[in-house]
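Down below is the structure, laid out as structure tokens.
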Amino acid sequence: MLIARTVPELREFLGRYRRPAFVPTMGNLHEGHLALVQQARPLGDVTVASIFVNRLQFLPHEDFDTYPRTWDSDCEKLRSVGCDLLFAPDEHALYPEPQTCKVHPDPALANILEGHFRPAFFVGVCTVVMKLFACVQPRFALFGKKDYQQLMVIRHMVRQFALPIEIIGSETRRAEDGLALSSRNGYLSEAERAEAVQLSKALRAMADALRSGERDFAAIEARAMRSLDARGWKPDYMLLRRRADLQPPAPGQPLVALGAARLGMTRLIDNLEIDA
Ligand code: PAF
């Protein structure tokens with residue numbers, strides 16, 4: 001696996017390829033990331049991953065400084081799944097001057113849910129993803145469905161800017177007990193890790209309620225909030241939304257249940273597509 005630290009190094013290596021398949025990450029890689037790389041391999045003529053902890057998508061009180069940087073094991077993992085090239089710029093290489101030109105995604109999609117609780121988060125995500133796309137010029141880019149809203153915001157950005165990139169969403173990888181794999185799971189204490197599965201259980205309970213015919217969406221959402229609250233979580237939202245645009249649902253449309261909640265100091269998110 002080659003490692004490019006600068007944009008010119010990256011471009012020199014990629015010059016001979018026409019269809020890069022790209023997996024952007026912030027490192028601290030888990031099975032979910034590796035599955036994306038494995039899915040990317042047969043798509044393109046070269047498989048590229050990036051590791052860049054993007055300051056722009058963290059709020060001042062968030063975990064930018066403490067976000068786990070696990071370089072050696074990340075490289076080993078990427079090699080083990082056949083990644084050809086790792087783009088790992090430092091901040092100066094990706095943002096040589098203050099990044100004052102930013103991508104502001106559609107507020108209807110980006111200012112709700114995560115964007116409501118983490119203002120400017122999607123501006124940071126879209127800005128870095130656009131920049132990574134400009135550097136790598138991928139033909140395919142792969143993102144996990146665990147960050148469901150992020151995937152939708154990026155798809156919308158790519159469509160609106162007519163970028164010649166196919167965005168591929170990959171199913172969430174879960175631990176045996178059902179907890180969605182996430183780089184932030186590493187923050188959990190042993191007791192919190194045992195409790196963490198309750199977020200996906202609460203989403204499943206929402207799906208079960210719909211499948212059993214209940215149609216009072218607000219009551220289902222309130223019950224999910226209460227169930228986590230009663231166990232000591234601090235839920236930000238547990239909501240049923242339309243899969244098409246993440247707006248409040250009307251009967252008969254494909255839905256997704258989305259949740260975000262804090263367990264101790266760790267904020268977890270998860271979601272479940274529902275075929276009611
Ligand atoms: O999902 C992530 O890890 C990040 O938001 C991304 C897409 C790599 C942008 O920094």
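The values are calculated or read from the model by the stated rules, or taken from the named source; none is laboratory data. Small disclaimer: the values here were computed from a predicted structure and weren't measured. All Cβ positions, even for glycine, are placed from backbone atoms using ideal geometry, and neighbour counts span all protein chains on display.
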Only listed residue being in a loop (DSSP other than H, G, I, E, B) and within 15 Å of the ligand (Cβ to nearest atom), chosen from V53, V37: V53
Residues of segment 83-112 satisfying the condition of being touching a strand residue (DSSP E or B) at 6+ places or on another chain (Cβ under 6 Å) and part of a loop (DSSP other than H, G, I, E, B): C83, D84, A88
Where a residue in segment 133-150 is in contact (Cβ under 8 Å) with a residue 40 or more places away in the chain and farther than 18 Å from H33 by Cβ and its partner, wherever it lies, is within 11 Å of the ligand (Cβ to nearest atom) and in a helix (DSSP H, G or I), with Cβ under 7 Å and at least six apart: Q149/E114
Residue check, T66 more than 13 Å from the ligand (Cβ to nearest atom), out of contact with any strand residue (DSSP E or B) (no Cβ under 6 Å at 6 or more places or on another chain) and hydroxyl-bearing (S, T, Y): yes
Where E91 falls short, out of the listed (1) away from the ligand (no atom under 14 Å from the Cβ); (2) among the charged types (D, E, K, R); (3) over 22 Å from G44 (Cβ atoms): (1)
Residue check, G169 under 23 Å from V53 (Cβ atoms), small (G, A, S) and either surrounded by fewer than 22 Cβ atoms within 10 Å (Cβ to Cβ) or within 12 Å of the ligand (Cβ to nearest atom) (or both): yes
Leading residue by the ranking (nearest to L268 (Cα to Cα)) among those in segment 219-235 that are surrounded by 15 or more Cβ atoms within 10 Å (Cβ to Cβ) and of a type in the set (A, V, I, L, M, F, W, C): W233
Cross-chain or 6+ apart pairs with Cβ under 7 Å, segment 162-180 first and touching a residue at least 40 places away in the same chain (Cβ under 8 Å), then charged (D, E, K, R) and assigned to a strand (DSSP E or B): A180/R174; A180/D270
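Could you tell me which residue of segment 72-112 is nearest to F161 (Cα to Cα), considering only residues that are β-branched (V, I, T) and within 22 Å of the chain's Cα centre (by Cα)?
Looking at the filtered set, the residue picked out is V103.
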Residue under evaluation M238, criteria (1) touching a residue at least 40 places away in the same chain (Cβ under 8 Å); (2) crowded, with 18+ Cβ neighbours inside 10 Å; (3) within 30 Å of P68 (Cα to Cα), criterion not met: (1)
Residue check, R243 farther than 18 Å from Y148 by Cβ, touching a residue at least 12 places away in the same chain (Cβ under 8 Å) and not small (G, A, S): no
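Rundown of residues vs (1) within 12 Å of the ligand (Cβ to nearest atom); (2) under 22 Å from F13 (Cα atoms); (3) modelled with pLDDT of 95 or more; (4) under 13 Å from the mean Cα position of the chain (by Cα), yes/no style:
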| residue | (1), (2), (3), (4) |
| --- | --- |
| Q137 | no, yes, yes, no |
| K146 | yes, no, yes, yes |
| I154 | yes, no, yes, yes |
| M157 | yes, no, yes, no |
| L163 | no, yes, yes, no |
